[in-house]
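Structure record follows, encoded as structure tokens.
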């Protein structure tokens, strides 16, 4: 009786947990689980023996075969490694190994994707006492404070090459930034309001809206989009419902008591790419395209479908608005190089966003400056020397791109 009521059900649960520990996609977990239940349901001794064998096998693999810490193979850039409660951990000063660019991580459809990897130097990552990417005390000493997302924070760049440091080096003024990767205009406004009481009267904000992810488009309840790609409703629901299950599985197995499961840690990244590739191809929503520019293979985050309505959060806090010197519109990597491709939508989409931004900030007497033409002109010039303004495998400006942007911003500020 005890066997039927307690031990056998517990064994079934243990069996499922053991399968999950391997790190395979969840749908494969289910296939294996139900297969073994079907095979052994009538032979409980064999079922118990199987569970014991499986546990011993996993322990053996973890202890003797995969006994090198997986952290040696897992590289995180500063943004991912030090993100903490909407900012970064305070008072960081370290050098970390840079991983591949963000396009490599997002590209689940390209075969042998890691062949496209472009090496990036080690990243120096410094944060101040507030959790922003500045040297300590920079904000209170600065004349201008840059506001934006990872484009302004610097992405994979080392500290000396981020935009605020470039501007400070190239001028007699001091610049700092409160940019956080992965955020948007609502967070920009909150961060500006947070530091407002500590600022001098002569300090000003320079706010940067990024074309890539600071805008959204209106859609009706019958249309579903992901990165601007329209997906049929049933595919959208199934895809993101399934991905939610996989994320919950990762949260569970990333708990401290599973940290030493090197079998999971080594297999899981491959599993994630596998199921993401299946889902991307099934929904026709592969995100990355690789194009040849001057014999260089360059990756782009592809989301240029024609969508006519664009909006963005407009900063309305009166005290913050008084501190904003200018608002800048930064184009995506694709927009900067769009003239090298036969693609009509990128310009239409960009102009819709820019016009909305100009219209809304004109009501608040704040000038909006488009940086697209300057970056397009300079990118064309630099290509003569076979140089790019962006990392080949990343969406962010490289050192040269930030230098070009710094020179142009100083020209605007000193006009």
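Read-outs throughout are calculated quantities, based only on the coordinates presented, and are distinct from any laboratory measurement. This is a predicted model, so every value here is computed, not measured. Glycine also receives a Cβ, built like all others from the backbone with ideal geometry; neighbour counts cover every protein chain displayed.
Structure data summary
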quantity: DSSP beta bridge pairing in the chain, given as percent antiparallel to the nearest 5; calculated: 50
quantity: Residue-averaged 222 nm ellipticity for the chain, from DSSP H runs of 4+ at -39500 (n - 2.57), nearest 500; calculated: -13000 deg cm²/dmol
quantity: Nearest 10 degrees, 0 to 90: helix 399-413 Cα axis against the chain principal axis; calculated: 40
quantity: Net lengthening on full extension, residue 240/residue 386 (0.36 nm per residue, minus Cα-Cα); calculated: 48.5 nm
quantity: Rounded to 10°, Cα long-axis angle of helix 26-40 versus longest principal axis of the chain; calculated: 0
quantity: With Cα atoms, 0 to 90° folded angle of helix 262-282 axis to the chain main axis; calculated: 70
quantity: GNM result for the chain, Cα springs below 10 Å: residue of 166, 403, 186 fluctuating most strongly; calculated: 186
quantity: Estimated FRET transfer efficiency (residue 124, residue 270; beta-carbon r; R0 22 Å; 0.05); calculated: 0.10
quantity: P(r) histogram, all alpha-carbon pairs of the chain included - 10 Å bins from 0, percent; calculated: 4, 18, 26, 23, 15, 8, 4, 1, 0
quantity: Relative contact order (%) - criterion: Cα under 8 Å, at least six apart; region: the chain; calculated: 18
